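For reference, the structure is listed below as structure tokens.
The values are calculated or read from the model by the stated rules, or taken from the named source; none is laboratory data. Quick caveat: nothing in here was measured; it's all calculated off a predicted structure. Note: ideal-geometry Cβ built from the backbone for every residue, glycine included; neighbour counts use all protein chains shown. Just the protein is used for accessible areas: all its heavy atoms, side chains included, with ligands, DNA and RNA removed. Shrake-Rupley method; radii C 1.70, N 1.55, O 1.52, S 1.80 Å.
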Amino acid sequence: MRLAYLTPFLLLACCLQSASAQVTSQDFDKIMLYTLKNSNGLTIKVTNYGAIITSILVPDRDGEMGDIALGYDSVEDYTNAVDKPYFGAVVGRYGNRIAEGKFTIDGEDYTLAVNNGPNHLHGGVIGFDKVVWDAKPVGDNSLELTYVAKDMEEGYPGNLKCKVTYTLTDDNELKIHYEATTDKTTPVNLTQHTYFNLKGEGNGTILDHELMLNAKKFTPVDEGLIPTGQLVDVAGTPFDFTTAKPIGRDIEEADEQLNFGGGYDHNWVLDKGGKDGEMTLAARVSEPSSGRVLEVFTTEPGVQFYCGNFLDGRLTGKAGKPYVYRGGLCLETQHFPDSPNQPNFPSTLLEPGEKYDTTTVFRFSTE
Ligand code: GLA
């Protein structure tokens, strides 16, 4: 990648347009910024660097548009960001942690790059969030991004062909379709790492956002945030979001799991009602002052709810405002962390001849 060209996304290079929707793009060497816009004026910007969603413009209850996604307007800011926040990116080949970066497939031991204390996180040192994807607008409301991860890249077996398609519908839904195939058995767990703040990026914390998670159980972790392997009831704990509550309500309770996560940074086991692999509601977030609502639907069995515990005001976003402690929340739909080492978790192994195929939808509305 030619760093000289990692300059702010600017000039308009091409424009595909229809009456109801449009995809436009800006070109900087191989780094592009695409704009998806629907008939209601919702606007989502995506760069092929890391398949990152850089901005999500949606109305509040009075029709006032606001950008609810944390991020930057230059690629340099993404590459320079301290503490690797993964703002808006697609993470892979394996989203979240693999204990000590080790696993065994068919008697063969693999060792991955270790980048989070002793563990592997979000695909390693150069995960899918830090590579340049090929991008192609499809129709008038979709963007298709492809990336081929090489055999043994970051230590993973198999050439993995990945495709992520972002579609913005006129029903105010952002649909994210993940597909992949491999030529050797490999773990795959792709997710989207957008940080939302429904008051608008940079506008304080998300502790006042009300969250419902469609999950009666979560996967507790050790101090390195590796699951213990148990599925534990949330009832009677700060992890109970089965009925919507402000994120800040129980976050300071004395609780070992909250201590380990520095707040919420855990995987919830979605109630699929026997519909494994089918699209079900995972989460609903609402923000009282703006009236903005985000609902998340997914075919995945889990969701990592992370509430920005590692943000500390050092990163300044695209509008020049600092991203404060707990200034954004992520709802990373996924298979459970460390599944390659957890025989009781749903498998994340993809075999040659199989197709990895998952979908997550972010639906935006107001109340
Ligand atoms: C995920 C992890 C967190 C943290 C963030 C990025 O949500 O679970 O622990 O690494 O990504 O900062």
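Restricting ASP151, ASP140 to residues that are open to solvent by 10 Å² or more (accessible area, probe 1.4 Å), modelled with pLDDT under 95 and more than 19 Å from GLY88 (Cα to Cα) narrows the list to ASP140.
Taken over the range 303-338, residues that are more than 15 Å from the ligand (Cβ to nearest atom) and either among the basic types (Lys, Arg) or in contact with a Cys (Cβ under 9 Å, 6 or more places away or on another chain) (or both) amount to 2. Take the conditions basic (Lys, Arg), more than 16 Å from the ligand (Cβ to nearest atom) and open to solvent by 40 Å² or more (accessible area, probe 1.4 Å) and apply them to LYS130. Does it pass? Criteria not met by LYS130.
Of GLU252, GLU300, all but one fail to be assigned to a loop (DSSP other than H, G, I, E, B) and more than 16 Å from the ligand (Cβ to nearest atom); the exception is GLU252. Remark: ASN172 matches the filter, which requires a residue to be on the phi > 0 side of the Ramachandran plot, surrounded by fewer than 22 Cβ atoms within 10 Å (Cβ to Cβ) and under 21 Å from the mean Cα position of the chain (by Cα). The one condition from (1) within 16 Å of the ligand (Cβ to nearest atom); (2) under 21 Å from the mean Cα position of the chain (by Cα); (3) not acidic (Asp, Glu) that MET279 does not meet is (1). Among the residues in the range 60-83, are any in contact with a Phe, Trp or Tyr (Cβ under 8 Å, 6 or more places away or on another chain) and within 30 Å of THR228 (Cα to Cα)? Checked the range 60-83: at least one residue is in contact with a Phe, Trp or Tyr (Cβ under 8 Å, 6 or more places away or on another chain) and within 30 Å of THR228 (Cα to Cα). Looking only at the range 72-123, residues that are open to solvent by 10 Å² or more (accessible area, probe 1.4 Å), in a helix (DSSP H, G or I) and not small (Gly, Ala, Ser) come to 6 in all.
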